[in-house]
Each structure stands twice: as C-alpha cells, then as structure tokens.
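Undergrad: Could you have a look at this structure, given as structure tokens, before my questions?
Just so it is clear, none of the values below were taken in a lab; they were calculated from the coordinates. As the structure is a prediction and not an experimental result, all values here were calculated from the model. Here the Cβ positions follow ideal geometry from the backbone for every residue, glycine too, while neighbour counts run over all protein chains shown.
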Amino acid sequence: MSEDAAERQSRWRRMVHRLERDYRCLPPAEKARIAELSAPLVRLQQSLDRLFSKADGARICAACRGACCAKGHNHACLPNLLAYLQQQQAPPQPDFSQTCPWLGPQGCVHEAGRRPYNCISFLCDKLEERLAAADVAEFYRLDRALRTCYQAFVARYPGGGMTGLLLQSARLDGRSLLFFHSATTDDRAQEPV
Ligand code: SF4
Ligand code: SF4
C-alpha cells in the first residue's frame, strides 16, 4: 500500500472510531431523530436499486467490469455510516489501495440502502437506454426525493455534507461530525462537556 493510501486508511480508522464514540454519546432522542431521517433515505435508495435491477444492472455492470467504480472515490457520507451504527454494526473496512476503497471482489461492499449518494443515483447511458421512459422519469423523481433526505442531514449535523467523509472531517479540523461545538439556538446536539 502506498504511503498516501496508508495515511488515508489511518485517517479513516480514526474518523470512524470518533464517530462511533460520538454516536454512543448521543441522547436517545437524537438517535431516534437519526433513525427517522434515515428510514426514508434507505427506502429511496432501495427503490433506486430496484430500477437498477430492472435495467439488468448487475449483468451489464459485470460485463462493463465496474468501469465507473474503478474511477470512483471515497464517496461515503455521514448517513451511510450512521446506517451501520444504528444497527450496532461496524462499517466495512475500506481498502484505500483500490481506486474506490469500497470496491470488493464481488463489486460494492455496501448494500444498496447504505451505498453513497453519488453511486446509488448514477444511471449511465447503457443502463438508462434499457429502461422505459416512465422508469427513467421515476428514477430521477426518486433521486430528487433522495437529495432532500441527504439535505436533512446537511442541515442537522456538522459532518452531514454530501462530499466524502475524509474530506469533511479534514474541513472540520478535529471537530465532531455529529455535535455542534458552540451553543446553537435550536435543538441540535451539543458537544458533551
Ligand atoms: S453503471 Fe454503467 S459505467 Fe458503471 S459499471 Fe455499470 S454499466 Fe459500467
Ligand atoms: S462506493 Fe461502491 S458503488 Fe460507489 S464507487 Fe465505490 S464500489 Fe462503486
């Protein structure tokens, strides 16, 4: 593994460790709020995946040898990792020596409901041309609704943005992905003292 990949692996491990700790510290009401925000997001992603299957995506993507994943990056966002933590599961281990750290021997290691937004919402031309116009329209309708679900995380958590989490944790410069640092006038979670 290159030095750069090893460094990212180590930063990722520290970031997940901190997120797991912060999640455990959240008050029950905030965990319930995360569950409320997550449920429709996961359902919409599963619906998008059904349309992907309808286009025979698994076969077409295997024949294409996962070309877009081979150009992928670390797109995982906060809601994707919280979907694991809510079920008391550890997120899969990334492999930063791969182009995308989540690309396993059988394709993406994340199930559809927990896949990054950029990935689940991508319909390449090869797949789009296999769907009826009504299904394509439905795909983009679901995509718009999904963006709204992600935006709810953006509005509520410092690390809720739609770019990859390594980038976001670097921007936050050591601050929590979940807790706000200084007093806010609303009910968002505050850093425990
Ligand atoms: S989504 Fe399209 S470009 Fe990506 S692997 Fe599948 S067929 Fe290939
Ligand atoms: S997260 Fe999964 S779907 Fe997205 S680029 Fe990586 S392997 Fe492909």
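Undergrad: So what's the gap between the Cα centers of region 60-110 and region 1-43, to the nearest angstrom?
TA: First find each Cα centre; the distance between them is then 15 Å.
Undergrad: Can you give me the long-range amide H partners of residue 180? Hydrogens built in the peptide plane at 1.01 Å from N, cutoff under 5 Å, separation of 5 or more residues or another chain.
TA: Distant-sequence amide H within range of residue 180: 189, 190, 191.
Undergrad: Shifting gears a bit: Just name one of 123, 58, 87: the one whose Cα is farthest towards the positive end of the charge dipole of the chain (beta-carbon charges, Lys/Arg +1, Asp/Glu -1).
TA: 87
Undergrad: Something else: Can you tell me the dipole magnitude for region 31-172 around its Cα centre, using point charges on the Cβ only (Lys, Arg +1; Asp, Glu -1), in Debye to the nearest 20?
TA: 280 debye
Undergrad: In the chain, if every C-alpha pair distance is counted and binned at 5 Å from zero, what percent goes to each bin?
TA: 1, 7, 16, 19, 19, 15, 11, 7, 4, 1, 0, 0
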